[in-house]
Amino acid sequence: MQSNSHLGKIQLMAFWTNLFGKAEDKYETLRERLTVHEQNSQEQLHATHPHLSDLFAKHQIDLRQIRKQGVRIATAAAVLGAFLAIPHLIGHPSVTTPRPQPNGGKEVTRPVADQSGRITPTAISTQAGTPVEQSSVGTGTPSQPEAPPSDSTDQPDQPSSKGHQGHIHGRSYLAPPKEHGLHDLGLHRGQLKNPQVPEIGPHPSELTVNKKEGKT
Amino acid sequence: MSVFYDHLVGLDDIHNEILEFDLPTRQHYHLLQIVDSTLHHEVLNVILLEIPVAVHEHFLVEFNNRPGDPAHLDYLKLFRPNIEDKIREAADGTKTRLIQEISSLR
């Protein structure tokens, strides 16, 4: 029984050794045969065009390097393309285009340094509220986004600079309402009246409603 | 595309033929590289035969600088309009020889 299992192990080892050995032999044989073809083609090229050796030496041209260089370029392009496609593949492409403002473009002036280093105002057309790169040459200050002119009277519908963007007092529009609904009145749980707010009239619970008799 | 004539010289036939040997990936691609180099020499031989010797130097320098530039093909067509057919014929002939060699070892 033990000899049988031993024999089986030997046969298994012989099988794997044979398998890899044969594959290695095949590879070596293939490599040798194909290398002969490669050398023949190279010799034929130089035999047909004997001036190539001088040209290759003069310009340091290596045919194998040409192939490798081409492969490197193709690989780099593929890697770059895959990298750029990642945001789209995960479904979150980055949006960098600024939103157009409802009041359109406005003519604003900004200082621009001329060739002599003096700063002169130059009229440019920009979108109000859109950050604009400002040249900081000679000013010694970091560039700041261009602020729109303070003509709030012209823009009655324009929200204020402190305007909420989807939030009111730290709460999202989409957030579910509070449990007791008192926070929006400045009250806390169990507190029916805010002591800091003067009473204007009676609490709605104290109001008596006169119902017309006869109606149901 | 790695060089400008790659679309005329496919390695799929050779690749499939070597696949029959079920070699490890590294060995498989090493053999493909040798075949690719052989085809490279053959194609370059045909190209240089088809264009004047006076422009060999210019072409080789440009090819060395920008191997994948498709403008090389347009340049070659100035001298030989059917250069694509010539390249394809040379590549097919070489591939046939190599496939016979490979399949004889199976």
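FYI, it's all coordinate maths here, none of it is from the lab. Since the model is a prediction, treat every value here as computed from it, not as a measurement. Note: ideal-geometry Cβ built from the backbone for every residue, glycine included; neighbour counts use all protein chains shown.
Details
- Cα-projected label distance for residue B:15 with residue A:59, points at 7 Å along beta-carbon direction, nm: 3.0 nm
- FRET efficiency for the residue B:62 to residue A:35 pair, using the beta carbon distance and R₀ = 25 Å, is estimated at 0.25.
- Sequence of A:46, B:72, B:40 once ranked by neighbouring C-beta atoms within 10 Å, starting from the fewest: A:46, B:72, B:40
- Neighbouring partner chain Cβ atoms per residue of B:14-22, average, 10 Å criterion: 2
- For residues of B:91-99, the mean tally of beta carbons on other chains within 10 Å: 1
- The range B:20-106 shape via C-alpha gyration tensor axes, a/c threshold 1.5: prolate
- Phi angles across the range B:81-86 convert, under the Karplus curve 6.51 cos²θ - 1.76 cosθ + 1.60 with θ = phi - 60°, into 3J(HN,Hα) values of x, 9, 5, 5, 5, 5 Hz, Gly and Pro given as x.
- Degrees between helix B:25-50 axis and first principal axis of chain B (Cα, 0 to 90, nearest 10): 30 degrees
- Theoretical FRET efficiency, 1/(1+(r/R0)^6), r = Cβ-Cβ of residue A:44 and residue A:82, R0 51 Å, to 0.05: 0.80
- Cβ neighbours within 10 Å from other chains - mean over B:39-49: 5
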